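Notes follow once the structure below has been shown.
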Amino acid sequence: RYFDHYWETRQLTSVARRTRLRIGLIDHMLGHRSGQMLDVGCGRGSTSAYFAESGFDVTAIDLSPLAVEWTRRQHHKIKAAVIDLETDAVNGQYDVVLCLEVLQQVREPVKALQKLVGTVSDGGELFVSLPNEFHLTRRLNIMRGKVDFGGIEDSHIKLYTVAEHHRLIAACGLEIVESRVQSVVPPRWLGGRPHAWCNRLAAMCPGLFALSVVYKCRIAV
């Protein structure tokens, strides 16, 4: 019920802009251009629909029945199901697994991510995106005495830093192949897409200037 309410009340214009940028980052890093894809925490289904239209056979899962219903409406080929990543089995083998902005909302992120590692086929790709909760804007707000974290305290069980991203990924027996950052600068300020200088700042110092980071991972040898 919480996540049904979450998706009903989100500021969808802002979410959509960030989602489009994240999709672009993943598309740039993808090695596979078709095959079986698992989208974990599919939300309203925008990412699932994009990759279904790009040629992937997409399976989408989410804790929210409402999110799953919306995802099914996005594209007729998407197979969507209500699954709790922490308590339910996740079956199948996939060429690409997406776990985007999910692990901050689970109680045991290492166990959850390890479960997904088991669904990646030989030669497959695992993409994880995680928020950086202590970027420059958030730090300045804390110094001003504003410590409500933008309203995320109700849904985010874990508040991540970029260093903690790396520790989580390593704890799951994974190594980072490639990564891309999302700038803390809101896309609406710059016509819907951050300028090159925003991306350069975020890449040079993600701890301060990245809102989130997308990682392409593989099982460490």
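The values are calculated or read from the model by the stated rules, or taken from the named source; none is laboratory data. Here the structure is a predicted model, which means the values were calculated and not measured. Don't worry about glycine lacking a Cβ; one is built from the backbone with ideal geometry, like all the others, and counts go over all protein chains shown. These area figures cover heavy atoms from the full protein model, side chains too; ligands, DNA and RNA do not enter into them. Shrake-Rupley method; radii C 1.70, N 1.55, O 1.52, S 1.80 Å.
Here are some notes:
- The order of 209, 51 by accessible area, most exposed first and with a 1.4 Å probe, is 209, 51.
- Heavy atoms of residue 176: accessible area, 1.4 Å probe, square angstrom to 10: 60
- Ranked order, 71, 19, 87 - accessible area, probe 1.4 Å, largest first: 87, 19, 71
- Computed [θ] at 222 nm, deg cm²/dmol, the chain (DSSP H ≥ 4; -39,500 (n - 2.57); rounded to nearest 500): -11000 deg cm²/dmol
- Residue 5 contributes an accessible area of around 100 Å² to the protein surface, as traced by a 1.4 Å probe with all chains present.
- Accessible area (Å², 1.4 Å probe, nearest 10) - residue 34: 70
- Dipole of the chain, positive end: most advanced residue of 183, 171, 97 [Cβ charges, Cα centre]: 183
- On a per residue basis, the chain carries 51 Å² of accessible surface, using protein heavy atoms and a 1.4 Å probe.
- Taking the Cα centre of the stretch 1-149 as origin and assigning +1 to Lys and Arg Cβ atoms and -1 to Asp and Glu Cβ atoms, the resulting dipole is close to 660 debye.
- Highest-MSF residue in the chain out of 15, 185, 162 [GNM, Cα springs under 10 Å]: 15
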